[in-house]
Structure formats: C-alpha cells, structure tokens
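As structure tokens, the structure follows; a few thoughts come after it.
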Amino acid sequence: MAHPPPPPPRQRAQSQEPDADRTRERLSAFLGTDVRPREFTLPGGTRIAVDHADAGDPPHLIAQSSALGDRLRSAHRNKAIADAFKLAWLRDHHLPDTRAALVVGAPFARTLVPRTWLTEALAAAEIVILVDGDPLHTLQLDTSP
C-alpha cells in the first residue's frame, strides 16, 4: 500500500506590519529615548516579551505594535486588544510605575471613536495610544458621553 505524498510545506503569510526597525526608530525619536524589544522574567519564572521598552529598571515605558498596516482586519483588531491586555496586566501586576502604550496604524486609530467599548476599555486601562502616522503622535481617547 503506497503512502500519499506529504503535504507541501506551509508558506508563511506575508506580514501586514511595516518594518519593525522603522517603527522602533520612529518611536525612539518621538520619545527621546532608545526603545528595543525586551523580555522580562517574572517571579516564578514566567517570561514575557514586549516589542518596545526603554532600558530603565524598571522601564519607564513598555509598548506593543499592533494593527500597523493599511488594511485593518478582525485578526489585527483582535491582536491589538490582546496586546493591550498583556500590557495592562504586566504593568498593573509587575511594573506599576511604567507607562503602557499601544502603537497602531491610522486605520485602527480611526475605529477608536467615542461611546465604543474598546475606546472606553483602553482609556480605563490607561493604555496610551500612539499612532504610527506622519508624524507619529498620541491619540487622545474621547470618552465623553
């Protein structure tokens, strides 16, 4: 009995994210301090990595890049929500004096309108939204009624 041929190798999907180095350089210039990917080992041995953190001990800022592309899909939105949750948890439970920021593209930023649960949740969690536009800038979340 002959075995069927193996399936073709899985091709990696092309990233929708712009060059990570470019984003990191722009974020470093905006903040006035160098940021790099950084991994933290928490009590108990749990390891957690962030896309951007300064060299402070503890860092002054931790950040994740999410939904940076020109086309916004639900998977990008879901990743941004997961990244915000990760940042808030890390800050609230292990780095209480650290600011947490989500670096997003303009299409995602346009979804953060008043009176939506996500805008309210990000504001309540004190997640700073940085829009990787021209220029990179802070988005003030409007939570007015």
Item checked: Ranking of 66, 144 by count of other Cβ atoms within 10 Å, fewest first -> 144, 66
Margin query: Please list, ordered by chain and number, the residues whose modelled amide H lies under 5 Å from the amide H of residue 52; skip anything fewer than 5 residues away on the same chain.
Written below: 38, 63
Check: Of all DSSP beta bridges in the chain, what percent run antiparallel (nearest 5)?
Finding: 50 percent
Checklist line | Label assignment, volume of the Cα convex hull per residue in Å³ derived from the structure, set [x] 167; [y] 100; [z] 248 | finding: [x]
Check: From the backbone phi of the stretch 65-77, what are the Karplus-calculated ³J(HN,Hα) couplings (6.51 cos²θ - 1.76 cosθ + 1.60, θ = phi - 60°) in whole Hz, Gly and Pro given as x?
Finding: 9, 8, 6, 8, x, 6, 10, 9, 10, 4, 5, 5, 4
Next item on the list: Provide the net charge surrounding residue 99, with neighbours chosen by a C-beta distance below 11 Å and charges set as Lys +1, Arg +1, Asp -1, Glu -1.
Entry: -2
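Only the coordinates and a few stated rules stand behind these numbers; no lab work does. Keep in mind that this is a model prediction, so the values were computed, not measured. In this analysis, Cβ positions are derived from the backbone assuming ideal geometry, glycine residues included, and neighbour counts consider all displayed protein chains.
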